[in-house]
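Everything below concerns the one structure shown next.
The values are calculated or read from the model by the stated rules, or taken from the named source; none is laboratory data. In this text the structure is predicted, and so the values were computed from the model without any measurement. No Cβ is skipped: glycine too gets one built from the backbone with ideal geometry, and neighbour counts run over all protein chains shown. Quick note on the areas: whole protein, heavy atoms, side chains included, nothing else; ligands and nucleic acids left out. Shrake-Rupley method; radii C 1.70, N 1.55, O 1.52, S 1.80 Å.
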Amino acid sequence: MSRYTSLTDDDLRVMLDLIGAASVDELFEDLPEGVRLRRPLDLPAGMSEQEVFAHLSALADRNVSAADETTFLGAGMYDHYVPALIDSILSRSEFLTPYTPYQPEISQGGLQVMFEYQTAISELTGLPVSNASLYEGPSAVGAAAYLAKLANGRPDVVVSRGVHPHSRATLETLAPGYGQNVVEAPLRDGVTDLDALTGLIGPGTTAVIVQQPNFLGAVEDLAPLVAAAKSVGALVVCACDPLPMALLRTPGELGIDVAVGEGQSLGNRLDYGGPSFGFFAASQEHIRRMPGRIAGETRDVDGRRGFVLTLQTREQHIRREKATSNICTAQVLNALAGVIYLSWLGRRGAVELAELMLRRADYARRTLTALPGVRALHDQPIAREFALALDAPVEAVIERCAAEGVNPGYALGRDYPEHPDGLLVAITEQRSRADIDRLADVLGRAVAAGSRTGALTGARA
Amino acid sequence: MSVSVQTPQQRDHATTIYERSRPGRRAFTPPPLDVPEVPLDDLLAPHLRREAPAALPEVAEPEIVRHYNGLSKRNFDLDSGFYPLGSCTMKHNPKLHERVAALPGNARLHPLQSPARAQGALELMWLLERALAEVSGLPHVSLQPSAGSHGELAGVLLTRAYHADRGDERTLVLTPDTAHGTNPATVTMAGYEVVKVGTSPDGGVDLEDLRRKATDRVACLMLTNPNTLGLFDPNIESIARIVHDAGATLYYDGANLNAVMGISRPGDMGFDIVHFNLHKSFTQPHGGGGPGAGPIAVSDRIAPYLMVPRIVRTEPEGGGAPVYDLDHDGPKSIGRLRGFQGNYGVFVRSYAYICSLGAEGLREASEIAVLNANYLLALLKREGIGEHLPLAYGERCMHEFVLSGAPMKRDLGIRTTDLAKRLLDFGYHPPTVYFPLLVEEALLVEPTETETRETLEAFADAVGEILREAADDPEIARNAPYSTPVRRLDEAAAARTPVVRQPPPD
């Protein structure tokens with residue numbers, strides 16, 4: 001018997017007796033012979049706890065994590081410091097192991113967390129309503145397109161090339177199911193090309209989707225983009241990086257309809273890409289079209305304040321095929337980390353952290369672009385991340401830096417073939433000036449080595 | 001005698017973190033500014049900056065800790081009590097899993113780290129894929145979907161790509177009337193129209209109805225087996241034949257896989273696509289409703305359309321350890337369904353679970369889940385309970401069963417929701433109520449394999465006591481609960497005038 005079950009032989013006898021069955025096998029007699037597996041599963045035998053730990057530790061040791069190198073890798077997920085109190089609170093079984101709060105009377109803690117989380121997201125985005133989180137950032141972009149379909153039923157989604165490649169790819173996968181076509185608006189000088197965008201939108205445009213700061217790290221001047229979208233009656237969706245939002249003009253201030261984003265940087269681990277959470281906030285008129293779970297405040301029969309899952313008539317368990325989405329969950333535990341993190345930062349700390357990242361990113365950009373063979377890919381304002389163009393093959397440069405224990409960032413070439421020499425560098429509060437100076441040293445030498453090789457082989461101009 | 005003293009915990013009842021906020025308090029100490037200070041306006045022009053800071057709480061660490069500790073005490077959880085929530089599979093979460101997921105090599109691994117430096121993670125994912133392929137009997141797996149409903153969406157989009165690739169225009173998807181609500185919602189999001197298939201008197205798919213509706217316009221049938229009535233459909237082979245003869249695909253909603261691991265495989269039943277709820281069958285702390293993960297497995301004919309990236313394993317020429325990589329190419333792939341590599345932290349836990357149990361343990365888990373369910377059912381059939389809460393369909397069950405509270409409502413004057421609320425006072429999480437929809441006053445019970453016989457007996461006794469109590473005075477249950485942090489909440493008022501955030505400060 002496995003260590004996670006507890007029936008004794010005596011239990012088995014008593015239980016089968018009461019059921020009136022001769023054996024456990026008899027309980028499966030409804031299974032036709034043709035669909036029974038008449039052999040053991042082809043899997044290894046079970047292991048002791050200590051063996052499993054050893055096996056998984058050995059696998060984990062084969063990964064090079066942010067604990068093993070000085071990393072400037074970002075591109076949508078970031079190596080931030082996670083304060084100790086998050087681990088402490090998240091490991092409480094009352095937060096870790098409950099299910100969806102279907103019985104609100106015994107789920108007030110979790111429901112209140114959702115309410116507090118929604119408030120924090122509303123504050124960050126400047127939009128009045130937030131759901132209690134979605135899977136992650138890119139699928140939240142896909143969900144925003146579905147909201148646009150429900151709101152105006154138009155066929156064309158126009159998405160900026162500055163939106164995260166994974167978000168655009170997710171949208172391309174989902175939009176045909178919604179009956180939508182995806183049209184891409186190009187970038188110019190690192191930001192969404194306003195003239196090109198204006199030419200692409202029209203009465204058939206359901207939504208314009210932009211990202212702030214965009215994937216190349218540039219802070220977009222969103223006001224004219226919003227005005228252009230509004231002039232054709234399209235919704236505007238902005239994918240936001242939540243920490244810079246402490247500093248940047250909010251979607252609410254700009255009249256944007258929906259703000260979504262990746263919540264990983266708010267107190268969540270990297271976890272090789274998940275779980276994290278996606279946030280989703282909207283203007284008041286869209287509250288009944290918003291996907292996912294929402295907590296609302298109410299009173300109990302004795303007049304005490306309490307919280308419940310609300311507006312559930314939008315949802316799949318009630319409306320079935322007429323639901324505003326098929327999502328029947330949220331990333332509640334990850335969102336809990338998010339709201340604790342934002343409480344930890346607090347009103348002033350969020351601004352201080354955003355400013356620190358901005359100042360260090362600016363210092364890093366100036367320091368790195370002073371190196372021979374390193375240029376800025378664009379000169380737009382930045383907030384935490386910036387794009388460089390190298391005079392050397394990027395993959396080889398990354399390899400050389402990695403050999404010295406520095407991961408300089410993300411090679412843009414796969415996602416942006418127009419920038420085969422692009423490198424995206426991310427700064428968090430975990431990367432000090434000394435780390436940045438070290439990056440400059442290592443990157444400078446790697447680029448120089450790469451340029452020499454290039455000159456020798458003639459592989460690059 | 002009434003006592004008027006209130007503890008701080010009672011007084012601070014439902015106080016939010018925003019209401020605890022006081023200007024000037026803080027928990028965060030920023031790292032020092034170690035770069036030259038440039039005026040902010042030079043870095044970011046004023047028109048790009050927000051007008052006022054976000055009104056986040058101003059609290060010091062001790063207050064944050066007390067606040068969330070206080071909230072945690074207002075939550076019921078699996079580690080503290082029995083949770084027989086049907087179709088949710090609330091089995092024990094092994095503690096080892098949190099430890100291995102937290103290893104820095106996992107927790108601090110960046111998703112865009114080059115595959116050469118993430119060999120352990122890719123190998124773990126590959127091993128998990130192989131295990132899921134073996135459990136499902138379908139050879140190709142994608143771990144990408146983030147939840148069961150996300151896996152469903154993947155499955156229906158794959159079906160769409162499969163038919164489109166063959167030039168076969170189909171517009172309808174069949175779902176039984178017992179289906180989870182996510183199935184019809186998914187069908188609509190994928191651009192199909194839902195057609196319901198009825199349930200026969202024995203609780204399975206109505207074969208006559210299926211034959212009538214399985215036309216050449218049908219793209220897919222989505223089926224849960226065992227279904228939400230807790231019954232394995234004995235006609236599954238005929239169902240598969242009818243669906244395949246119509247040229248449609250057969251989709252397996254894996255929500256109830258916990259009943260058949262190692263005993264019967266969806267692939268062997270004729271299914272083309274299956275999703276797993278890793279958080280159910282292979283454990284993951286449910287976290288109050290997430291995160292989970294919903295990988296899918298598919299047959300050969302569906303494989304070309306699977307999401308990218310896919311994990312590939314190559315054996316180096318001349319020997320040596322296998323090398324793992326991510327393949328982003330897929331000429332017929334539906335593309336990406338989310339960012340990065342999926343909910344890897346969930347994969348670590350589920351893989352650890354599979355390692356712990358092994359082939360034999362997985363089968364045993366299902367056997368005991370079914371045994372426990374049948375034992376609890378037998379206890380609830382006893383005199384004093386069974387006549388008020390009869391089994392809706394069949395005689396026995398798989399890992400869950402549906403009782404009908406209709407006689408209880410008629411004879412004792414309490415509804416299923418009243419029974420559920422009264423169970424809270426007895427320290428139990430109630431079963432799922434009012435689902436599946438076709439059973440009046442439904443109560444869907446799933447004890448799982450990790451509960452002891454004593455727990456099942458005590459729960460059945462509590463149900464019996466509540467029914468006896470109701471026979472005496474139904475008002476007790478109608479006004480329950482009494483012992484919880486709040487009593488029955490006005491959900492209608494919450495939906496009428498939604499208050500979904502703390503009001504902004506003045």
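Quick notes on this one:
- Once divided by 2.2 N^0.38 Å, the Cα radius of gyration of the range B:215-326 becomes 1.30.
- Computed with a 1.4 angstrom probe on protein heavy atoms, the A-B interface buries about 17400 square angstrom of accessible area in total.
- Ignoring aspartates and glutamates fewer than eight residues from B:K73 along the same chain, the ones with Cα atoms less than 16 angstrom from its Cα are A:E94, A:E105, B:D12, B:E63, B:D425.
- Shape of the range A:14-173, Cα gyration tensor, a/c cut at 1.5: prolate
- Share, in percent, of DSSP beta bridges within chain A that are antiparallel, nearest 5: 55
- Listed by chain and number, the lysines whose C-alpha is less than 23 Å from the C-alpha of B:K280, apart from same-chain residues fewer than 8 away, are B:K91, B:K95.
- Projecting the Cα atoms of B:G191, B:L221, B:L231 onto the dipole axis of the range B:180-232, where Lys and Arg carry +1 and Asp and Glu carry -1 at the beta carbon, places B:G191 farthest toward the positive end.
- Gyration tensor verdict on chain B (Cα atoms; rounded if a/c is under 1.5, prolate if a/b is larger than b/c, oblate otherwise): oblate
- Quick note on the range A:315-461: its Rg to Rh ratio, both from C-alpha atoms and Rh being the Kirkwood radius, is 1.15.
- Given +1 at the Cβ of Lys and Arg, -1 at the Cβ of Asp and Glu and no other charges, the dipole of the range B:208-323 around its Cα centre is 240 debye to the nearest 20.
- Label-to-label distance, nm, for residues given as A:D189 and A:S88 (7 Å Cα→Cβ offset): 5.0
- Computed [θ] at 222 nm, deg cm²/dmol, chain B (DSSP H ≥ 4; -39,500 (n - 2.57); rounded to nearest 500): -11000 deg cm²/dmol
- Between the range A:276-315 and the range B:140-204, the alpha-carbon center distance in angstrom: 27
- Between the listed residues A:P420, A:Y81, A:A446, the Cα displaced farthest toward the positive end of the dipole of chain A, a dipole computed from Cβ unit charges relative to the Cα centre, is found at A:P420.
- Dipole of the protein assembly as shown, positive direction: furthest Cα of A:L371, A:P138, B:Y375, with charges on the beta-carbon: A:L371
- Alpha-carbon geometry of the protein assembly as shown: the Rg and the Dmax are 27.8, 95 Å, given in that order.
- Over chain B, relative contact order from alpha-carbon pairs under 8 Å, at least 6 apart, %: 17
- The overall shape of the range A:292-337, judged from the alpha-carbon gyration tensor, is oblate: a/c is not under 1.5, and a/b is no greater than b/c.
- FRET efficiency estimate (nearest 0.05) - Cβ-Cβ, B:R382 to B:A471, R0 22 angstrom: 0.90
- Residue-count net charge about A:T8 - beta-carbon cut-off 12 Å; Lys, Arg +1, Asp, Glu -1: -2
- A Cβ-based charge dipole, computed about the Cα centre of the protein assembly as shown with Lys and Arg at +1 and Asp and Glu at -1, lands at about 1920 debye.
- For chain A, the 222 nm mean residue ellipticity estimated from helices alone, with every DSSP H stretch of n ≥ 4 adding -39500 (n - 2.57) and the total spread over all residues, rounds to -12500 deg cm²/dmol.
- Cα-based equivalent ellipsoid, chain A: semi-axes from gyration tensor eigenvalues, Å: 42, 32, 23
- A simple count of charges around A:R92, restricted to other residues whose Cβ falls under 14 Å of its Cβ and scoring Lys, Arg +1 and Asp, Glu -1, yields -1.
- From most to least packed by mean Cβ count within 10 Å, the peptides A:284-294, A:313-323 give A:284-294, A:313-323.
- Rounded tilt (10° steps) of A:108-125 against the dominant C-alpha axis of chain A: 20
- Folded to 0 to 90 degrees: helix A:433-457 orientation relative to chain A principal axis, Cα: 70
- Distant-in-sequence amide H partners of A:C328 (H built 1.01 Å from N, under 5 Å): B:S149
- Whole-percent pair-distance distribution, where bins are 10 Å wide, for the alpha carbons of the range A:97-211: 13, 34, 30, 16, 6, 1
- Residues of the range B:478-506 whose accessible area (probe 1.4 Å, heavy atoms of protein chains only) drops by at least 40 Å² once all protein chains are present, relative to their chain alone: B:V486, B:R487, B:R488, B:L489, B:E491, B:A494, B:A495, B:P498, B:V499, B:V500, B:R501.
- If you take all other residues with their beta carbon under 11 Å from the beta carbon of A:L134, and give Lys and Arg +1 and Asp and Glu -1, the sum is 0.
- Proximal lysines to B:K213, defined as alpha-carbon separation beneath 27 angstrom and excluding residues fewer than eight positions away on the same chain: A:K322, B:K196
- With Cα atoms, 0 to 90° folded angle of helix A:394-403 axis to chain A main axis: 70
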